[in-house]
Amino acid sequence: MKVRIFLESDRRAVIELWEKCGLTRPWNDPDRDIDRKLQFQPQLFLVGTVDARVMASAMAGYDGHRGSVFYLAVHPDFQGLGYGRALMAHIETVLAGLGCPKLNIVVRSSNVDVVGFYNGLAYTQDDVVSLGKRLVTDA
Ligand SMILES: CC(C)(COP(=O)(O)OP(=O)(O)OC[C@H]1O[C@@H](n2cnc3c(N)ncnc32)[C@H](O)[C@@H]1OP(=O)(O)O)[C@@H](O)C(=O)NCCC(=O)NCCS
């Protein structure tokens, strides 16, 4: 897998990847999510390719205090081969290079099985309650 910054020509493939990986939700318009990311730290929006095919993605960020990763996805045809681990390692290197002291991951309660993946990468559950407030309605 090669990891590179998202290009506009990847848009369709990335949205299809998110759909295939069950990451889209009615309240998140993927096109608008991409548009917003391209306005803010676009260099942290990454894709993974194998033979030029986009098969992985990660939308990372650093707000000056914490790092984040959303839309981490590896196409089902390529899962279980170490690509998710490799993409996370790449992101950790990039964020650490920006001075980011800690990376936070949000996992939907409907996707709690994936916690095992992060545990294997040395992520541990923080003693926090995650709260959110929608500021822009996409639907
Ligand atoms: C989660 C995901 C990115 C992992 O990618 P992947 O390329 O399949 O993962 P890897 O092959 O790098 O796995 C690394 C390790 O994690 C383990 N692992 C992978 N998925 C796991 C899961 N769901 N639960 C527990 N362990 C898991 C692997 O067995 C492997 O362990 P090993 O190193 O001891 O062999 C991928 O399954 C995916 O895209 N899932 C759907 C989208 C999703 O849920 N994204 C996360 C949103 S928070």
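The numbers here are math on the coordinates, done by the rules we state, and not lab data. Note that the structure is predicted; figures quoted are calculated from it, not measured. For neighbour counting, all protein chains shown are included, and Cβ atoms are generated from backbone atoms with ideal geometry for every residue, glycine included.
Descriptive notes on the structure:
- If only residues of the stretch 36-82 that are of a type in the set (Ser, Thr, Tyr) and in contact with a Ser or Thr (Cβ under 9 Å, 6 or more places away or on another chain) are counted, the one that is nearest to residue 9 (Cα to Cα) is 71.
Per-residue answers, yes or no, for (1) surrounded by 13 or more Cβ atoms within 10 Å (Cβ to Cβ); (2) among the β-branched types (Val, Ile, Thr):
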| site | (1), (2) |
| --- | --- |
| 69 | yes, yes |
| 88 | yes, no |
| 105 | yes, yes |
| 112 | no, yes |
| 125 | no, no |
| 128 | no, yes |
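- Residue that is without any contact (Cβ under 8 Å) to a residue 12 or more places away in the chain and closer than 27 Å to residue 132 by Cα, where the choices are 11, 32, 25: 25
- Considering only residues in the stretch 114-123 that are loosely packed, with under 13 Cβ neighbours inside 10 Å and without any contact (Cβ under 8 Å) to a residue 12 or more places away in the chain, the one that is farthest from residue 63 (Cα to Cα) turns out to be 116.
- Which numbered condition residue 125 fails, given (1) farther than 24 Å from residue 10 by Cα; (2) in contact with a strand residue (DSSP E or B) (Cβ under 9 Å, 6 or more places away or on another chain); (3) more than 8 Å from the ligand (Cβ to nearest atom): (2)
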